[in-house]
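Structure first, then comments.
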Amino acid sequence: MAESMQGLHRTCRCAEVTKEMIGKEVVLMGWVQKARDKGGIIFVDLRDRSGIMQLIFENGSIDEEGFAKAGKLRSEFVIAVTGVVEERGGAVNKNLATGEIELRVKSLRVLSEAEVPPFPIEENSKTKDEIRLKYRYLDLRRPDLQKNIMLKSKVMMLTRQFFAKEGFLEIETPMLGKSTPEGARDYLVPSRVHPGHFYGLPQSPQLYKQLLMCSGYDRYIGGTGVGLAGSKTSFTSKRSDNSSGL
């Protein structure tokens with residue numbers, strides 16, 4: 001049965017625990033990547049979007065009830081643990097950012113149990129696309145996809161920061177507009193408010209550029225509600241001082 005996380009506050013993410021924190025008590029939350037019962041001691045790999053942290057459950061450091069719960073942990077269980085950071089007593093895993101440390105757990109809460117996932121939550125999955133897309137919420141937990149999404153987020157943030165320093169404004173233009181006569185066919189979206197009428201996906205972003213240029217916005221970047229992907233670039237504007245918008 002799922003337990004409440006009331007009163008718990010995550011100290012940091014898994015891969016944010018460092019050797020400088022040895023001896024300190026921390027609270028971590030995440031998914032169980034895998035569990036290994038060695039008899040009297042249980043090792044669990046806890047995963048979140050930052051990486052993996054090895055947990056140790058051992059009689060004496062956790063009560064009998066907590067140790068019994070740890071023995072039932074399976075892949076993709078969501079748990080919250082409180083424990084003390086220690087230096088690894090066994091082999092060091094140089095492939096992990098936390099490969100030299102581990103967390104000796106003092107208390108465990110199972111926030112959500114999980115059935116056996118239809119495919120392993122791991123990098124370089126060989127699972128068919130049809131299954132991955134059917135269980136997209138599981139697929140997006142895979143470390144390689146999460147790295148790509150976080151990288152894109154960082155690139156977009158740096159892009160925005162660069163343009164902001166250069167004096168650009170970020171202006172969002174409509175995703176749907178009045179259909180305009182073009183060579184290509186419009187992608188039409190029916191209106192629920194006005195039966196028999198349709199919106200068209202803009203094929204002429206220069207209309208918005210010209211509108212903004214005439215309104216005095218000489219430097220801008222913009223999207224259509226989906227961020228900078230397919231964004232409109234800045235344009236050169238002739239102004240009264242005969243200087244360019246760039």
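Only helical DSSP H runs with n ≥ 4 go in: add -39500 (n - 2.57) per run for the chain, normalise by residue count and round the 222 nm mean residue ellipticity to 500 deg cm²/dmol.
That comes out to -6000 deg cm²/dmol.
In the range 1-105, which trypsin sites (Lys or Arg not before Pro) fall in coil by DSSP and have 12 or fewer other Cβ atoms within 10 Å? Write out the running numbers ahead of the final one.
Values: sites: ARG10, ARG13, LYS19, LYS24, LYS34, ARG36, LYS38, ARG47, ARG49, LYS69, LYS72, ARG74, ARG88, LYS94, ARG104; in loops: ARG10, ARG13, LYS24, LYS38, ARG49, LYS72, ARG74, ARG88, LYS94.
Here the sparse-neighbourhood loop sites are LYS24, LYS38, LYS72, LYS94.
With +1 on each Lys and Arg Cβ and -1 on each Asp and Glu Cβ, and nothing else charged, work out how big the dipole of the chain is about its Cα centre, in Debye to the nearest 20. It would help to have the intermediate numbers written out before the result.
Values: 37 positive and 31 negative charges, 158 e Å.
For this selection, approximately 760 debye.
Any chance you could run the full-extension gain for ASP37 through TYR187? It's 0.36 nm times the residue separation minus the Cα-Cα distance, nm to one decimal. Numbers along the way, then the final one.
Values: separation 150, 0.36 × 150 = 54.00 nm, distance 5.69 nm.
Going from the current span to full extension adds 48.3 nm.
What range in the chain is the longest one free of chymotrypsin sites (Phe, Trp or Tyr not before Pro) that are in a loop by DSSP and have at most 16 other Cβ atoms within 10 angstrom?
Details: sites that count: TYR135, TYR187.
For chymotrypsin sites (Phe, Trp or Tyr not before Pro) (loop position, at most 16 other Cβ atoms within 10 Å), the longest site-free span of the chain is 1-134.
Using the Cα centre as the reference, give the magnitude of the dipole from point charges on the C-beta atoms of the range 20-130 (Lys, Arg: +1; Asp, Glu: -1; all else neutral), rounded to the nearest 20 debye.
Details: 16 positive and 20 negative charges, 24 e Å.
The dipole magnitude comes to about 120 debye.
Just going by the charge dipole of the chain, with Lys and Arg at +1 and Asp and Glu at -1 on Cβ, which of SER75, LEU207, ILE171 is farthest out on the positive end?
Positive-end residue among those listed: LEU207.
With angles folded into 0 to 90 degrees, how steeply does helix 143-165 sit against the dominant principal axis of the chain? Use alpha carbons for both and round to 10.
40 degrees
Between MET157 and ILE171, what length comes free when the chain is fully extended (0.36 nm per residue of separation minus the Cα-Cα distance, one decimal in nm)?
Result for the pair: 3.5 nm of gain on full extension.
So what J values fall out for the range 124-131 if you push phi through Karplus, 6.51 cos²θ - 1.76 cosθ + 1.60 with θ = phi - 60°, rounded to Hz, Gly and Pro as x?
Each residue's phi maps through the Karplus curve to give 6, 5, 9, 5, 4, 4, 4, 6 Hz.
Which trypsin sites (Lys or Arg not before Pro) does the range 109-156 hold that lie in a coil by DSSP with at most 16 other beta carbons within 10 Å? Could you put the intermediate results ahead of the total?
Numbers: sites: ARG109, LYS126, LYS128, ARG132, LYS134, ARG136, ARG141, LYS147, LYS152, LYS154; in loops: LYS126, LYS128, ARG141.
Qualifying residues, ordered by number: LYS126, LYS128.
Could you identify which residue out of GLY23, GLY60, GLY99 has the top mean-square fluctuation in a GNM of the chain using Cα springs shorter than 10 Å?
Maximum among the listed residues: GLY60.
For Cα extents along the principal axes in Å, the listed values are (i) 51, 39, 38; (ii) 64, 42, 35; (iii) 78, 46, 36; which was obtained by calculation from the structure presented?
Only one option fits the structure, namely (iii).
Considering only ASP45, ASP144, ASP129, give the residue with the highest GNM mean-square fluctuation for the chain, with springs between Cα atoms whenever their separation is below 10 Å.
Maximum among the listed residues: ASP129.
Laboratory data are not the source of any read-out in this text; all were calculated from the coordinates shown. All figures in this text were calculated on a predicted structure; none of them were measured in a lab. Using ideal geometry, Cβ is built from the backbone for each residue, glycine included, and neighbour counts are taken over all protein chains shown.
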